[in-house]
Structures are given as C-alpha cells and as structure tokens.
Amino acid sequence: MHELTLAEGEGFGELRARGYRLRFTQWMRMNAERAWAQCVRHRFMREMTEGTLSEWAFKRYLVQEYAFVQACSGVLGYAIAKAPGVPQRHRFAGMALDLTGVQTRYFQRVLKRYGLSPDAVTSESVSGTPRAFAEWMLQNGAHSSYVEILAALIGAEWMYYTWCQVGAKRLPAKPAYAYWIRLHAGGAFKKNVFWMLKQLDQLGPVHPEEVQQRLARIFREVLEWEIAFHDAVYIE
C-alpha cells in the first residue's frame, strides 16, 4: 500500500474506502497535523523538558495552568452528566478526582514555593488567551455532546502525554519540572488518555460525516488554543 496522504477535507469514510484501516483518532490527528507538530515541538515543551525554562516563565505557566485546571474540572462535570452510561461516568469521576486531588496539590505546593498564593489564582484571575481558552472549553462542555467533549479533552490530554512521554526519557534536574512531566507520562494520566482514545475510536465512526468533521475541527481548535496558551507564557 502507498504511503498514506490525506487530501484536504477528506473524510474518515472516504479514507477507509480507499483501503486504509486507520483509527478514527488517527484521522483526527492527520487533519490537524500542522497544529499537532507545533504543539509537541513548542518552545515551552522543549525548554521544560531540557530544564532551561526560566523561573519567570514557569511561574507564569503555573498561574495559567492552575486556572485552566480549575475550569477543566467543570468540563469533566459536563462529561459525567452527558456520558452514555455508568462505566463512562465512573471513569470521568476518577479523572475529576485526580485533577482536583493530585494535580491541584502539586499546583498549591509549587505556587507557595514561588511565593504565590494558590487561593488568588482562579479562572477569573487570568486574562487574555489563557482565560479565553478556559471559557471556550467550558462553553464546549456546556453546549456540546458527549463525543464532542471527548474530542476537546483528548486534544489537550493526548498532546500532553505525547510530549511528556518524550521528556520522561531524560528528566530535567529541577524537581518541579520533572514531577510535572512524570505526572503526564504514565500512571492514571496515561490510562485515561488511552481510554478516551478508545472511546473516540469506537464512537466516531458510527456518527455521520458532518459530526465526524465537527469532531476533527474541535480537536484541531483545541491544539490551536494550546499553541496560543503556551505562547502566552512568554508574553510580559
């Protein structure tokens, strides 16, 4: 079989009709290849992995990301409410517990270490792109279907798992950086990423092409938001 190339706007069904047996999430990622590459090779990801990220930039990231995590706990609430069954609700409840537990404690601990008050950081306390991205995610959660929420979440989580998996092979010396990378390279986070991928691979193909294209667009938009979000770390 020839090397797989995706024509502009080519649907998942069309690609399958050409004889390619790829997963639905592979097709979504191919539709967003440029944004995906920009994300996983972003300056922030590179500097975080190398341990060269400045403390100034890291503190800005902590504030942005902690505010975003708080908003994302609301998105998981929408996922629980709209999930088709108890097994899916149970899984997302576990994700919410991890987000509001392990990850939240990390932010609180490290923010205090840098002389910042965790209580002062909320989704309303940030501005610009970080706040707009959080609001976009919440709006998508409130007004979208279960599968559309999945497409948004996996855009962020799959990307983070991918770059952190690479970073975990040679962790930076700074403990706060290394812990954050390890947290997203394995354990419960990895299991949840692969579970969401499986969910989309099962549910995506049974939807009409119009919905499939919308899922691909949501996935791509999240990656574009992620690029702008991490660019904002360097803006004074």
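Please treat every number below as a calculation from the coordinates, not as lab data. If you're wondering where the values come from, they're calculated on a predicted model, not measured in any experiment. Ideal geometry is used to build each Cβ from the backbone, glycine not excepted, and the neighbour counts take in all protein chains shown.
Per-residue packing, averaged as other Cβ atoms within 10 Å, sorts the ranges 53-66, 111-124 into the order 53-66, 111-124, beginning with the highest.
Pairs of Cα atoms nearer than 8 Å and 6+ residues apart set the relative contact order; for segment 23-234 it is 37 percent.
Computed over the chain with a Gaussian network model linking Cα atoms closer than 10 Å, the most mobile of Glu224, Glu209, Glu157 is Glu209. Computed from Cα positions, the angle between helix 209-231 and the longest principal axis of the chain comes to roughly 20 degrees. Computed packing ranks the peptides 215-221, 90-96 as 215-221, 90-96, most packed first, by mean other Cβ atoms within 10 Å. Treating r as the C-beta distance of Asp201 and Tyr20 and R0 as 22 Å, the FRET efficiency rounds to 0.95. Taking 0.36 nm per residue of sequence separation and removing the Cα-Cα distance, the Asp119/Ser54 pair yields an extension gain of 21.0 nm. Seen against the Cα atoms of the chain and their longest principal axis, helix 55-82 is set at about 50 degrees.
Longer than 23 Å from Cα to Cα, which of Lys59/Lys190; Lys169/Lys191; Lys112/Lys190; Lys59/Lys82; Lys59/Lys198; Lys82/Lys198 are they? Say none if no pair is. From the list (Lys59/Lys190; Lys169/Lys191; Lys112/Lys190; Lys59/Lys82; Lys59/Lys198; Lys82/Lys198), the Cα-Cα distance tops 23 Å for Lys59/Lys190; Lys112/Lys190; Lys59/Lys82; Lys59/Lys198. From Cα pairs below 8 angstrom and at least 6 apart in sequence, can you work out the relative contact order of segment 1-116, rounded to a whole percent? Rounded, it is 19 percent for segment 1-116. For segment 34-106, the calculated P(r), taken from all Cα-Cα distances in 5 Å bins from zero up to the bin holding the longest distance, is 3, 14, 17, 16, 18, 16, 10, 5, 1 percent.
For segment 153-236, the convex hull drawn through the C-alpha positions has a volume of 95 cubic angstrom per residue. If one computes the Cα centroid of segment 178-211 and of segment 100-123, what distance in Å separates the two points? Segment 178-211 and segment 100-123 have Cα centres separated by 26 Å. If you take the beta carbon distance between Ala81 and Glu224 as r and set R0 to 25 Å, what does 1/(1 + (r/R0)^6) give as a FRET efficiency, to the nearest 0.05? FRET efficiency, Ala81 to Glu224: 0.40. If you wrap the tightest convex hull around every Cα atom of the chain and split its volume per residue, you get 128 Å³. I'd like the orientation of helix 104-113 relative to the chain: the angle between its Cα long axis and the longest Cα principal axis, in ° from 0 to 90, rounded to 10. In the chain, helix 104-113 runs at an angle near 30 degrees to the longest axis.
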